[in-house]
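The values are calculated or read from the model by the stated rules, or taken from the named source; none is laboratory data. Note that the structure is predicted; figures quoted are calculated from it, not measured. Here the Cβ is made from the backbone with ideal geometry for all residues, glycine too, and neighbour counts use every protein chain on show.
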Amino acid sequence: MPVLSSAIGTAAPKVELGADTVSAVPSDSYWRSLFLFNGYRFIVSLLLLSVTAIFGRQLTFGSLEFELFVYTAATYVMFSLLCFLAIASRRLFHVQLGIQVGADIIFIVVLMFASGGISSGLGLLLLSGLAAAGLISRGRLTLFYAALASIAVLIEQTFQVWLSNAQTTQYVQAGLLSIGYFTTAWVAHTLAKYLVETEQLVAQREIDLASMSEVSQLVIKDMQDGVLVVDAQGLIRQHNARAEEMLGSLHDERRERHLSAYAPALAYRLQEWRKNPIVGFNPLSTVVQNNKISARFVPVGRSRNVGAVIFLEDMTRVQAQARQLKLAALGRLTANIAHEVRNPLSAISHATELLQEEPALNETVARLLMIIHDNTKRLDRMVNDVLKLNRGERAHREVFRVGDYLKTFAEQFCQIEKVPATAIALELAVDSEVTFDRSHLNQVMWNLCRNALRHCRGGPGSIRIAVDLIGRGDIVKLDVVDDGPGVPIALRSQLFEPFFTTVSSGTGLGLYIAREVCEANDAKLEFIETPAGAQFTVMCQRGVKANA
């Protein structure tokens, strides 16, 4: 993931080990190490100058050339100060490091010469400098610096033998010191190699961790279930948008939100779950907010008291999925049965009509034939509803004025159902246009008004159809209200289930098909609880005709 790698790319320098090289753009850690290395150089040079100023010629420092030692130590201090300014510029890292290491070798070798050579012990100062340079440069040119230091020490020893008649046996000490330089450089090179590999591994792990974290956040964000992460104190540490949709907004001026203040019922269930380490809760029994949300708890780690992840599931969605599965299986079964029943049902109906035309029929036989005819018509209507439900007809939407449509519909309904024209009262707060399949809306309105007619009192205005705009004015609301006894509370949750009916002559598919038809037109059909009577509301899209 390039976004993730660029986001954490500054956490560690980019390193390549193929030729003991490092990135051309060192990170802050490189410059910080170079700054500390120069601080060490400044302290050493200042200490050498201070000791010489205090003790003078009493020490071995500057025993051969005291003035040269003092001037060199003072120049060394000034060089260290100038290096601080160069480091602050953050430019040419490798050039600065090479100049500083080379200057260390020159200054220390000159101080050795002024102090009598290898016996002064100042050559040991290069050991720490070479080790630091190898670690700072991640192994770059470490052995080259050791070679320069060894050559410089051997040249210094040659000058001591030539100018000061020093003993040639001191070449052995110079050689041993050179071996120490190479050993230190090699150890620093090896440690730097391991350090580079470690940095690469850490950088890769950071990328992997960031990738996993982002993937986890995306998964949690897009989950259909709500997720809450709660710590041992009950504070909500993480959540997704779905949890806010279910339980309410979590935005607060306080940085931390306690679960007991946000969702008390859920906090109580969490405490009960923590107290019972043996028997877990049935997810379907752990519900909040009027039995509409199910909660499932998963411990973070091995202990339930450390923290928990709470998965919230919308029971309405679960019930809808179960209803869809039930309908799918039932639809296949009923469609097959309907096809098999339709032909013999037509034969029975046709035979009954022929028998009714016989002239010599007594009253009892005529009544029985009428019962057969009415029930075959009812069965035929049920078969047609089942087949229509199985076909799932597509909507052919059009834009039309709802006021004109409802006036025509009310006249036709009253004529066909043989009820007074005053039985339906139209309340048009607006005469807006709607986007709907006209035949589908006709099917929905006929179903709703027939149900209202069946349960209303039958007086003037017993069925009321109201039209209004809601939301931002882009939703048209059609209300069908009757003045009957209303729907019992125990039956309201089953109104839109297929094959549910309270009338012996009904099929139980009317409201279900009406809701399916509404959804096919991007509309909604809902039952609205009212103090008296029954109210069904159709919310559909407001139509806008295109300019010619």
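Here's the yes/no breakdown for (1) among the hydrophobic types (A, V, I, L, M, F, W, C); (2) loosely packed, with under 12 Cβ neighbours inside 10 Å; (3) more than 30 Å from Leu111 (Cβ to Cβ):
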| position | (1), (2), (3) |
| --- | --- |
| Phe159 | yes, no, no |
| Gln200 | no, no, yes |
| Arg205 | no, yes, yes |
| Glu214 | no, no, yes |
| Leu218 | yes, yes, yes |
| Gly226 | no, no, yes |
| Leu235 | yes, no, yes |
| Met246 | yes, no, yes |
*Single condition Gly175 does not satisfy, out of (1) modelled with pLDDT of 75 or more; (2) under 20 Å from Ile106 (Cβ atoms)*: (2)
*Do we find that Gly129 is touching a His at 6+ places or on another chain (Cβ under 8 Å), closer than 27 Å to Leu195 by Cα and not aromatic (Phe, Trp, Tyr) in this structure?*
no
*asked:* It is to be established whether one or more residues within region 175-194 are outside the structural domain of Leu312 (by TED's automatic domain parsing), over 30 Å from Leu266 (Cα atoms), among the basic types (Lys, Arg) and surrounded by 12 or more Cβ atoms within 10 Å (Cβ to Cβ).
replied: yes
*Name the strands (runs of 3 or more DSSP E) wholly inside region 429-548 in which the number of residues that are under 30 Å from Ala329 (Cα atoms) is 2 or more.*
524-528, 534-541
*Being more than 18 Å from Ala410 (Cα to Cα), out of contact with any Cys (no Cβ under 6 Å at 6 or more places or on another chain) and touching a residue at least 60 places away in the same chain (Cβ under 8 Å), is that true of even one residue in region 475-493?*
yes
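One line per residue, one yes/no per condition, for (1) crowded, with 19+ Cβ neighbours inside 10 Å; (2) within 21 Å of Glu526 (Cβ to Cβ):
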{"position": "Leu428", "(1), (2)": "no, yes"}
{"position": "Val434", "(1), (2)": "yes, yes"}
{"position": "Met445", "(1), (2)": "yes, yes"}
{"position": "Ala452", "(1), (2)": "yes, yes"}
{"position": "Arg457", "(1), (2)": "no, no"}
{"position": "Asp474", "(1), (2)": "no, yes"}
{"position": "Leu491", "(1), (2)": "no, yes"}
*Give just the number: which of (1) at pLDDT 80 or above; (2) among the aromatic types (Phe, Trp, Tyr); (3) surrounded by 21 or more Cβ atoms within 10 Å (Cβ to Cβ) does Tyr145 not satisfy?*
(1)
*Select from region 90-112 the residues that are within 51 Å of the chain's Cα centre (by Cα) and not aliphatic (A, V, I, L, M) and list them in ascending order.*
Arg90, Arg91, Phe93, His94, Gln96, Gly98, Gln100
*May I ask you to list pairs of residues, at least six apart or on different chains, whose Cβ atoms are under 6 Å apart, with the first in region 108-137 being outside any loop (DSSP other than H, G, I, E, B) and the second being charged (D, E, K, R) and surrounded by fewer than 24 Cβ atoms within 10 Å (Cβ to Cβ)?*
Val109/Glu156; Met112/Glu156; Phe113/Glu156; Ala114/Glu65
_Hey, Val15 modelled with pLDDT under 75, among the hydrophobic types (A, V, I, L, M, F, W, C), in contact with a Lys or Arg (Cβ under 6 Å, 6 or more places away or on another chain) and surrounded by 13 or more Cβ atoms within 10 Å (Cβ to Cβ) or not_ = no
_I want to confirm something. Restricting to region 294-317 and keeping residues that are part of a loop (DSSP other than H, G, I, E, B) and modelled with pLDDT of 75 or more, which single residue is surrounded by the fewest Cβ atoms within 10 Å (Cβ to Cβ)?_
Val306
_Condition check: of a type in the set (S, T, N, Q), modelled with pLDDT under 80, closer than 19 Å to Gly180 by Cβ and surrounded by fewer than 16 Cβ atoms within 10 Å (Cβ to Cβ). Does Ser128 satisfy that?_
yes
